[in-house]
Amino acid sequence: LFATIGSTKESITGSSLAEAFQCEQIYELPASWSMLSLACEVEDPSLGALFPTAISLFEFVENSGYRTATSIEPGKGYWINMPAPATVVVSGVPLSSCVVNFPAGWSMVGPCSMSASVADMQVATSDMLISVFSFDAGYRAANMLEPGQGYWINMTSAGLLTFGDD
């Protein structure tokens, strides 16, 4: 399966062209665990550079379970553990698209720099999408995938999903 979701084509506003192509994601993280994803292409994607006060970062790996991660890749979802509430601003370059490999079954993803509706994902994946959940002090069924957030998705078949322009 190959599917494309969403578009990053938006009107450009601001005082300069350089400002228009900046990506800034504000993360409001509570103490304890949160799911997140990387919304911008950054120079240093290491945990220490992006979230220096974090206790730990985990990714979910098919057939293996959770594994400690030391850096964050666009398109993937992660669990991050914070010792105290924190507001973190991550700046970089917006991703016009990102490709996510997903297995059949559960995986953690993030939509990169653009929002994506679960309804559009359902259509683009020919109804192979079973469910999508976010986490905010508990799991919730998601209708939209938002930049910077991490999500659990459950698919009937493996494939590639492109968020943004092809």
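The values are calculated or read from the model by the stated rules, or taken from the named source; none is laboratory data. Treat the numbers as computed from the prediction; the structure is a model and nothing was measured. A quick note on method: Cβ atoms are made from the backbone with ideal geometry, for glycine too, and the neighbour counts reach across all protein chains shown. To get the accessible areas, we keep the full protein, side chains included, count just its heavy atoms, and leave off ligands, DNA and RNA. Shrake-Rupley method; radii C 1.70, N 1.55, O 1.52, S 1.80 Å.
Some observations on this one:
- Rounded percent of accessible protein surface that carbon and sulfur make up, the chain, 1.4 Å probe: 53 percent
- Point-charge dipole on Cβ atoms (K/R +1, D/E -1) for the chain, about Cα centre, debye to 20: 400 debye
- Treating each Cα of the range 61-155 as one equal point scatterer and applying the Debye formula with no solvent, the log10 of I(q)/I(0) at q = 0.19, 0.22, 0.25 Å⁻¹ comes out as -1.03, -1.35, -1.62.
- The chain, helix-only ellipticity at 222 nm - DSSP H runs n ≥ 4, -39,500 (n - 2.57), divided by all residues, nearest 500: -1500 deg cm²/dmol
- Along the chain, longest interval not containing exposed GluC sites (Glu not before Pro), exposed being DSSP loop plus at most 10 other Cβ atoms within 10 Å: 44-166
- Scalar couplings 3J(HN,Hα) for the range 30-42, obtained by applying the Karplus form with A = 6.51, B = -1.76, C = 1.60 to θ = phi - 60°, are x, 5, 5, 8, 9, 9, 8, 8, 8, 9, 10, 7, 10 Hz; x denotes Gly and Pro.
- The residues of the chain present an accessible area of 51 Å² per residue when probed at 1.4 Å with all protein chains retained.
- Neighbours of LEU47 by Cβ distance under 15 Å: Lys/Arg scored +1, Asp/Glu scored -1, total -2.
- Table column - 3J(HN,Hα) (Hz), the range 93-101, Karplus curve with 6.51, -1.76, 1.60, x for Gly and Pro: 10, x, 8, 5, 6, 8, 9, 10, 7
- Quotient of Cα Rg and 2.2 N^0.38 Å for the range 116-164, N being how many residues it contains: 1.11
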